[in-house]
Amino acid sequence: MTGGGLSRRDAVGLGAVAIGAAGLGAWLRRGVPLGEDISGSLDVAELAGAAGFPVEGPQDAPVTMLVFSDYACGVCRQVEPWWRAALRKAGDVRAVHRDWPILGPDSRRAARIALAADRQGRYLAVHDALMGGAGPDMGAARGALERAGGDWARLEADLADHAGAIDALLARTTQDALRLGFTGTPGFLIGPIRILGGASERQFAHAIERARG
């Protein structure tokens, strides 16, 4: 595994993600409890504390949530408003964005652009633009960066000058995703609670409460 790209193992699970997406909405809205406590098998604190990734929310929050997503993933776009709503209501959750571009070259370029934007403090503006559309749209990313006061020329320079550091973040995310048993996006680790795939707002809220306990 090099550079955080799509491996044979990653590819095996993508079919299952596509099949599951068809009935996702109805199933998620049932709001049944979801997620598995993996603290007995993995060092959750080490995963949550990995440095260099974009973060939002209180730095001293009692719960850290890792979000593994791909800008070309339709399920990721569908569930993002739900996990964000659960975080807003909780008020004390730190979200760490773990870009995992496994759906092709456009996904990888979008993830690298978003991580480069983080060097200007503009990750969320670019992330929201890419996640809010129909897929990786570099024009939307550039527009969002510039509206947020960022500099596209600097971003392009950062992509070149810090390519190794950006690719190291993507590689670390791939490594961690596979350690967590994810076979596609989205995937979440909320405290010690692992969620494979999507969830409803209620299920995210329930996982946050479990993580607090």
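Every number in this text was worked out from the coordinates using simple rules, so none of it is lab data. Not measured: the values here are computed from a predicted model. Cβ placement follows ideal geometry from the backbone for every residue including glycine, while neighbour counts extend to all protein chains displayed.
Worth pointing out:
- Residues located in the stretch 59-91, provided they are farther than 17 Å from H127 by Cβ and in contact with a Gly (Cβ under 8 Å, 6 or more places away or on another chain): V63, T64
- Residue within the stretch 82-97 that is over 19 Å from E209 (Cβ atoms) and out of contact with any Pro (no Cβ under 8 Å at 6 or more places or on another chain) present: no
- Some residue of the stretch 166-179 being over 18 Å from P105 (Cα atoms), touching a residue at least 60 places away in the same chain (Cβ under 8 Å) and in contact with a strand residue (DSSP E or B) (Cβ under 8 Å, 6 or more places away or on another chain): yes
- Tally of residues being closer than 17 Å to L196 by Cβ and of a type in the set (G, A, S) across the stretch 54-85: 2
- Reported count of residues in the stretch 42-79, each being buried (at least 19 other Cβ atoms within 10 Å of the Cβ) and either without any contact (Cβ under 8 Å) to a residue 60 or more places away in the chain or among the small types (G, A, S) (or both), is 3.
- A207 vs. criteria surrounded by fewer than 16 Cβ atoms within 10 Å (Cβ to Cβ) and assigned to a helix (DSSP H, G or I): no
- D158 acidic (D, E), surrounded by 20 or more Cβ atoms within 10 Å (Cβ to Cβ) and farther than 18 Å from Y123 by Cα: no
- Positions within the stretch 95-130 being part of a loop (DSSP other than H, G, I, E, B) and closer than 15 Å to A144 by Cβ, in sequence order: G121, R122
- Taking every residue in the stretch 125-147 that is surrounded by 15 or more Cβ atoms within 10 Å (Cβ to Cβ) and pairing it with any residue that is among the hydrophobic types (A, V, I, L, M, F, W, C) and not in a helix (DSSP H, G or I), at least 6 positions away or on another chain, the pairs with Cβ-Cβ distances below 6 Å are A125/A148; G135/A72; P136/A72.
- Among the candidates A153, A144, A114, A129, residue that is within 23 Å of A50 (Cβ to Cβ) and not acidic (D, E): A114
- Residue match in the stretch 182-200 (condition: surrounded by fewer than 21 Cβ atoms within 10 Å (Cβ to Cβ), in contact with a helix residue (DSSP H, G or I) (Cβ under 8 Å, 6 or more places away or on another chain) and within 25 Å of A116 (Cα to Cα)): no
- Residue check, R88 crowded, with 18+ Cβ neighbours inside 10 Å and of a type in the set (K, R): no
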